[in-house]
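All of the numbers you see were taken from the coordinates with simple rules; none came from a lab. It should be emphasised that the depicted structure is a prediction, and the values quoted were computed from it without experimental measurement. Ideal geometry is used to build each Cβ from the backbone, glycine not excepted, and the neighbour counts take in all protein chains shown.
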Amino acid sequence: MGCFKVKINLMEKYFFKIIFILTLVSLPLFSIAAEINFFPEKVIQGEPVLITLNDVASLSEVKSAFVGKTPINFFLWQGEAAAFYGADLNKAAGTSTVSVLLSDGTKLTKDFYISKRPKIESTVPIPEKLGGNTKAAATKLVKNLINEQEIIGKISGVVKPKSFWKEKFVYPVSKPVVTDNYGYSRDTVGYVIAHKGTDFKAPKSTEIYSINRGVVRDVRTYPSFGKTVIVDHGLGLYSMYMHLSKTKVNVGQLVLPGQIIGLSGDTGYATGAHLHLTIRLNGTSIDPVKFYELFGMKI
């Protein structure tokens, strides 16, 4: 009988040891701390980054968030809180810090590095309709570009507190082919002009689509940008479609992803018909091709 009690006591002892070990092993599964992640991990000047918070599935959990001193706005992406940030083309290379304050008082910080963009220059002529390759035409062109950048800067600087998009992003043309890349410098009769957008192949009168759901904020003809449509997608994300031959939307109109907003053309500072697509995040122009890559879309 005594031997039987000893066996029971040993079984109980090992049983509780096993339960204790299993409890220790399982604890991390229930105590994963929120963490900041980046995609892509390597960013250069003029590129966007997708910032996500693992283990934060509700936007109400995020009280405030910044990259440096720039506020960022979160939305739900694949079951996690996510936000966009655009590294300005002229931002000095170096380390940037993301800081997030959660509703429970938790403070998260994480650094990422913005590398210098390789310097690429190309000579781009001024079309005869804008005066040709003369110093006077170049001076007028640059003056117009500065004024136009100020206008769209004010428009795209307005950040709505919610995202208007609900579906995946789409391309602005049915068969996207890039004809001119973002970020290089154009030598224009002695002036250096940065190309802050991506040009897509689009013979005249090609249908141009809104890249996602949004509200039209501007429809006008600019001297350099030509006929232009600007769509606000919310949370500081804007898409801009330039050099159009015709526009098919009005200011204040809600547009859906893939909806025709105009037809391609060569209005403004364009040597031939194409679509110039600009994407802005919180007022910063970023590489549209890299923006699509955030969602696994390759052009």
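Cross-link partners for Lys140 among the lysines, with Cα-Cα distance under 24 Å and sequence neighbours closer than 8 places in the same chain left out: Lys129, Lys154, Lys196, Lys227. Checking the cross-link pairs Lys204/Lys248; Lys168/Lys290; Lys175/Lys290; Lys166/Lys290; Lys91/Lys201 against a 24 Å limit on the alpha carbon distance flags Lys91/Lys201 as lying beyond it.
Kindly express, to the nearest 10 degrees and within the range 0 to 90, the angle between helix 2-26's C-alpha long axis and the longest C-alpha principal axis of the chain. Helix 2-26 sits at roughly 10 degrees to that axis.
Working from Cα positions, state the angle (0 to 90°, nearest 10) between the long axis of helix 135-156 and the longest principal axis of the chain. Helix 135-156 sits roughly 40 degrees off the main axis of the chain.
Listed by chain and number, the lysines whose alpha-carbon sits under 17 Å from that of Lys162, ignoring those within fewer than 8 places in the same chain, are Lys63. Of all lysines in the structure, those lying under 19 Å Cα to Cα from Lys135, and not within fewer than 8 positions of it along the same chain, are Lys143. In the set (i) 0.93; (ii) 0.95; (iii) 1.20, which value of Rg/Rh (Cα atoms, Kirkwood Rh) was calculated from the structure you see? It is the one labelled (iii). Fewest neighbouring Cβ atoms within 10 Å first, the residues Arg220, Arg117 line up as Arg220, Arg117. The alpha carbon centroids of the stretch 86-137 and the stretch 58-76 are separated by 21 Å.
Extension gain, Thr134 to Ser103: 0.36 nm times the residue separation minus the Cα-Cα distance gives 5.3 nm. Most mobile of Glu128, Glu47, Glu148 per a Gaussian network model of the chain (Cα springs, under 10 Å)? Comparing Glu128, Glu47, Glu148 in a Gaussian network model of the chain, the most mobile one is Glu128.
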